[in-house]
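The structure appears below as structure tokens.
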Amino acid sequence: MSSIQIINPIYHPGWDKLLLTHTQTTFFHTAAWAKVLERSYRYTPYYFTIIADRRLSGLIPMMEIKSIFTDKRGVSLPFTDECRPITRDAGQLRELQRQIIDYGRSAGWKHIELRGGGRELKPAHTAFLVHKLMLGDSPRKVFSTFRDSTQRNIKKARRHNIVAKKESSLAAVKKFYKLNMLTRREHGLPPQPWRFFKKVYEYIIKKNKGFVVLAYHRNMAVAGAVYFHFNNCAIYKYGASDKRFQHLRPNNLVMWEAVKWFVENGYQTFNFGRTALKHHGLLQFKRGWGTREETLTYQKYDLRRSRFVSGSTRITPFYPIFRKIPLPLLSLTGRLFYRHVG
């Protein structure tokens, strides 16, 4: 067993090149995502890493969250749909796990959260579904795998003169942010702070590691989504829309514009992200794109009780209030609230 190093990827030379030596790494393991989280929310990165012969052999990235409301804890990773441990085998997974537990105890963490812990770690604290699309080399072939209703919705958006554009400017991110505030309020949730999306622009979109697709109706942005990419894999991360235009199906055209671009640029897989088991409408939407469905489990290790625990992390007792708050006040709530959630 090679020794385990605790690395901060932000300051580690050649971190992303190291990630490319392993086939299972994703965008969420990159230094760019670490920078966004650290500089938006002041989390501290501790990436438990095994390097053998200059190649990545094992990795569980952690970030320390300090909060007067949600306690001090380690999370792999905050605001990340899926961050499965990268390990050679079950023995290596257990070794990394032991090292993290030992570190967490010495650092005073209350618990450890793993977002995609692997079959060896039980029980699951929370379960989701993930949908992935194999892209191939032809947009036409990929389009033919979509459900008939999905194809019709894309065509409907075009008939109603919806125009979807791939964009990488700060102005495009601002347009998406405005749509995101509307969508989050509709769902009864505070929006992510603007500072977060500004960091996404600075460290990801501006560096050609992601982009925004916006759908326009009569020159007004009515829907949009944010996408990341790394190592031939694409990820749909955030989506938003003005519900007044949902009947024109702009979200379908936004998604197709992104999928088509990734096919044409040689990417192999497209990850639609996690979905809660009870979110039937979103599940139906993602199943309509010819996707493969997988179960994603989150694990939570209670350091005080020295065991993995089951339960649920979904706590939304105040969502009716958020749906009624004016957007400026809702934005302020997001700035104050988000860093404590992780």
Margin query: Exactly one of these conditions fails for residue 8: (1) over 19 Å from residue 195 (Cβ atoms); (2) out of contact with any Phe, Trp or Tyr (no Cβ under 8 Å at 6 or more places or on another chain). Give me its number.
Written below: (2)
Check: Taking the stated definitions as given, is residue 210 surrounded by 19 or more Cβ atoms within 10 Å (Cβ to Cβ), more than 27 Å from residue 10 (Cβ to Cβ) and modelled with pLDDT of 95 or more?
Finding: no
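Of all residues being assigned to a helix (DSSP H, G or I) and within 27 Å of the chain's Cα centre (by Cα) in the range 145-162, which is farthest from residue 269 (Cα to Cα)? Just the residue, please.
So, considering only residues that are assigned to a helix (DSSP H, G or I) and within 27 Å of the chain's Cα centre (by Cα), the one farthest from residue 269 (Cα to Cα) is 157.
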Next item on the list: Quick one: residue 236 ticks every box in (1) under 19 Å from the mean Cα position of the chain (by Cα); (2) in contact (Cβ under 8 Å) with a residue 60 or more places away in the chain except a single one, so which number is it?
Entry: (2)
Notebook entry, point to check: So which of 35, 17 is assigned to a helix (DSSP H, G or I), surrounded by fewer than 16 Cβ atoms within 10 Å (Cβ to Cβ) and at pLDDT 95 or above?
Noted result: 17
Next item on the list: Working only within the range 123-144, note down all residues that are crowded, with 16+ Cβ neighbours inside 10 Å and either more than 23 Å from the chain's Cα centre (by Cα) or of a type in the set (Val, Ile, Thr) (or both).
Entry: 126, 130, 139, 142, 143
Item checked: Conditions (1) modelled with pLDDT of 95 or more; (2) at positive phi; number of the one not met by residue 188 -> (1)
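From 2, 40, 76, 67, which residue is under 23 Å from residue 192 (Cβ atoms), touching a residue at least 12 places away in the same chain (Cβ under 8 Å) and loosely packed, with under 15 Cβ neighbours inside 10 Å?
Result of the check over 2, 40, 76, 67: 67.
Among the residues of the range 163-185 satisfying the criterion of being part of a helix (DSSP H, G or I) and polar (S, T, N, Q), which is nearest to residue 199 (Cα to Cα)? Before you say what the answer is, go through the steps one by one.
Just the residues of the range 163-185 that are part of a helix (DSSP H, G or I), to begin with: 170-185.
Next, from what is left, pick out any that are polar (S, T, N, Q): 180, 183.
Numbers: 180: 16, 183: 20 Å.
The qualifying residue nearest to residue 199 (Cα to Cα) is 180.
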Margin query: Restricting to the range 154-181, name every residue that is surrounded by 18 or more Cβ atoms within 10 Å (Cβ to Cβ) and of a type in the set (A, V, I, L, M, F, W, C).
Written below: 154, 157, 162, 164, 172, 173, 176, 179, 181
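Given the options 101, 68, 86, name the one that is over 21 Å from residue 307 (Cβ atoms), of a type in the set (Val, Ile, Thr), out of contact with any strand residue (DSSP E or B) (no Cβ under 6 Å at 6 or more places or on another chain) and in the same structural domain as residue 27 (by TED's automatic domain parsing). It would help to see each step written out before you state the result.
Numbers: 101 fails: over 21 Å from residue 307 (Cβ atoms); 86 fails: out of contact with any strand residue (DSSP E or B) (no Cβ under 6 Å at 6 or more places or on another chain).
Only one candidate qualifies: 68.
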Note to self: Condition (residue is surrounded by fewer than 22 Cβ atoms within 10 Å (Cβ to Cβ), aliphatic (A, V, I, L, M) and under 30 Å from residue 264 (Cα atoms)) applied to the range 80-101: is it met by at least one residue?
What the structure shows: no
Item checked: Candidates 50, 60, 112 - the one that is in a strand (DSSP E or B), hydrophobic (A, V, I, L, M, F, W, C), crowded, with 22+ Cβ neighbours inside 10 Å and in contact with a Pro (Cβ under 6 Å, 6 or more places away or on another chain) -> 60
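In the list 266, 273, which residue meets the criterion of being at positive phi, surrounded by fewer than 22 Cβ atoms within 10 Å (Cβ to Cβ) and either under 18 Å from the mean Cα position of the chain (by Cα) or of a type in the set (Lys, Arg) (or both)? Please lay out each step first, then the result.
Working: 266 fails: either under 18 Å from the mean Cα position of the chain (by Cα) or of a type in the set (Lys, Arg) (or both).
When all the criteria are applied, what remains is 273.
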Notebook entry, point to check: Which strands (runs of 3 or more DSSP E) sit wholly inside the range 255-342 and have at least 3 residues that are touching a strand residue (DSSP E or B) at 6+ places or on another chain (Cβ under 6 Å) and over 19 Å from residue 238 (Cα atoms)?
Noted result: 292-302
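The values are calculated or read from the model by the stated rules, or taken from the named source; none is laboratory data. From a predicted model like this one, the values you see are computed outputs, not experimental measurements. With ideal geometry, Cβ positions are generated from the backbone for all residues, glycine too; neighbour counts draw on all protein chains shown.
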